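What follows is a set of notes on a single structure, which appears directly below.
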Amino acid sequence: MSEQKNVAKPKKAFVIGFPISHSKSPVIHNHWLASKQLSGKYEKIAVDPQDLKNFVTSFAQNGYRGGNVTIPHKEAVLEHVDVIHPTAKRLKAANTLWMEDGKIHADNTDGYGFLANIDQNKPDWDQNDPVKKALILGAGGASRPIIDGLLARGFEIAITNRTTARSDAIVDLFRGLGFEGRIYAIDWEERSNVLSDRSLLVNTTALGMTGQPELEIDLKDLPSNSLVTDIVYSPLKTDLLLQAEKQGNPIVDGLGMLLHQAVPGFEKWFGSRPEVTDHLRELVLSA
Ligand code: ATR
């Protein structure tokens with residue numbers, strides 16, 4: 001049998017979820033591939049939860065270098081990988097897989113993406129913040145990596161959620177990780193009343209997203225130099241951001257978090273670190 005010689009196969013990566021049709025990740029990665037003139041492919045693949053193990057344990061044989069993982073697989077995927085990196089281990093959830101030394105590796109880049117977005121748009125924002133106290137609205141899956149990143153940057157965290165059991169669980173999680181004095185929960189009804197000493201306000205709920213109810217909050221007590229950011233990016237300027245901007249507060253929209261969380265994965269699969277540019281923002285917004 002003749003051996004196939006040096007036929008360069010395009011590098012392939014994926015995003016898996018169920019459903020997956022809404023994912024904008026292919027727009028991001030395929031733009032980076034094209035702009036760097038790399039021969040590669042990034043594909044979205046619907047993987048039924050019952051097929052997750054089979055998909056994860058065989059993607060390398062099927063020619064993939066790795067990929068992104070989204071809802072509902074972020075937690076379950078950890079059962080099927082070989083190496084869980086510390087951030088994914090702390091958060092019990094992964095969004096990025098890659099092959100290294102024949103092993104399947106998993107990590108979570110959402111917290112990195114959250115911070116890198118603010119770092120890019122408001123450089124030195126946390127170095128110039130002597131207060132470092134954040135209020136986090138929401139205790140769903142999106143809140144954990146954000147809190148994890150902010151704790152690592154030295155923030156003290158107040159968290160509030162409509163369902164108290166979920167915010168309490170997050171407080172317990174991070175206290176168990178050694179952040180005893182740095183995180184506590186407050187009642188959802190109190191969210192407008194605890195803003196006077198906060199230097200950062202983050203919405204991690206779905207409220208304010210097109211088709212969802214509005215996020216009701218009164219920002220009048222928030223100091224005017226406190227940063228306000230929202231993970232919702234549809235609309236790009238949510239009512240929360242509009243209200244903050246009207247008061248003169250600095251704001252950062254949520255689109256950049258999606259773009260920046262994609263950077264480490266692209267670098268692992270395709271070997272080149274990509275940039276988050278205004279052009280990419282436009283492309284994703286119009287996709
Ligand atoms: P995830 O997949 O991130 O876990 P989720 O369960 O939909 O998503 O959670 C999204 C966040 O939006 C949660 O904090 C949720 O609050 P609950 O834990 O009380 O459900 C919040 N959220 C969604 N709809 C809400 C509403 N009408 N009022 C207040 N919070 C809401």
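Only the coordinates and a few stated rules stand behind these numbers; no lab work does. Since the structure is predicted, the reported quantities are computational estimates derived from the model, not experimental observations. Virtual Cβ from ideal backbone geometry, glycine too; neighbours counted across all protein chains shown.
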message: Starting from 0.36 nm per residue, how many nanometres of slack lie between A287 and N30 once their C-alpha separation is accounted for?
response: 91.3 nm
Anchor K41: lysines whose Cα lies under 17 Å away (excluding residues fewer than 8 positions away in-chain): K9, K11, K12, K24, K268
query: Are there any helices in the chain, counted as whole DSSP H runs, that stretch 20 Å or more along their axis by Cα and score at least 1.6 on average by Kyte-Doolittle, and if so which?
result: none
Percent RCO, i.e. relative contact order, over the chain, from Cα pairs under 8 Å lying at least 6 residues apart: 16
- prompt: Which value results for Rg/Rh of the chain when Rg is the Cα radius of gyration and Rh the Kirkwood radius based on the inverse mean 1/r?
  reply: 0.99
- prompt: For the residues T238, T164, what sequence is obtained by ranking on other C-beta atoms within 10 Å, fewest first?
  reply: T164, T238
statement: If each K or R counts +1 and each D or E counts -1, the residues other than L78 whose Cβ falls under 12 Å of its Cβ total +1
query: K133: which lysines have alpha carbons under 21 Å from its alpha carbon, excluding same-chain residues fewer than 8 sequence positions away?
result: K122, K220
field: Net charge of neighbours whose Cβ lies under 14 Å from the Cβ of E180, counting Lys and Arg as +1 and Asp and Glu as -1
entry: 0
statement: For M99, M257, ascending order of other Cβ atoms within 10 Å (fewest first) is M99, M257
field: Rough spin-label spacing in nm, given labels placed 7 Å along Cα→Cβ, for S234 and V83
entry: 3.5
- request: Name the residue farthest towards the positive end of the dipole of the chain from the options Y112, V15, N249, assuming +1 on Cβ of Lys and Arg, -1 on Cβ of Asp and Glu, about the Cα centre.
  value: V15
query: Using 0.36 nm per residue, how much length does the chain from A165 to R273 gain when fully extended, once their Cα-Cα distance is taken away?
result: 34.9 nm
task: May I ask you to compute the full-extension gain from R175 to E189, defined as 0.36 nm times their residue separation minus their alpha-carbon distance, rounded to one decimal in nm?
output: 2.7 nm
field: Selected from Q120, Q261, Q50 as most flexible by GNM, with the chain as the system and alpha-carbon contacts under 10 Å
entry: Q50
message: Using only DSSP helix segments of four residues or longer, with each worth -39500 (n - 2.57), what per-residue ellipticity at 222 nm results for the chain after dividing by its residue count and rounding to 500?
response: -9000 deg cm²/dmol
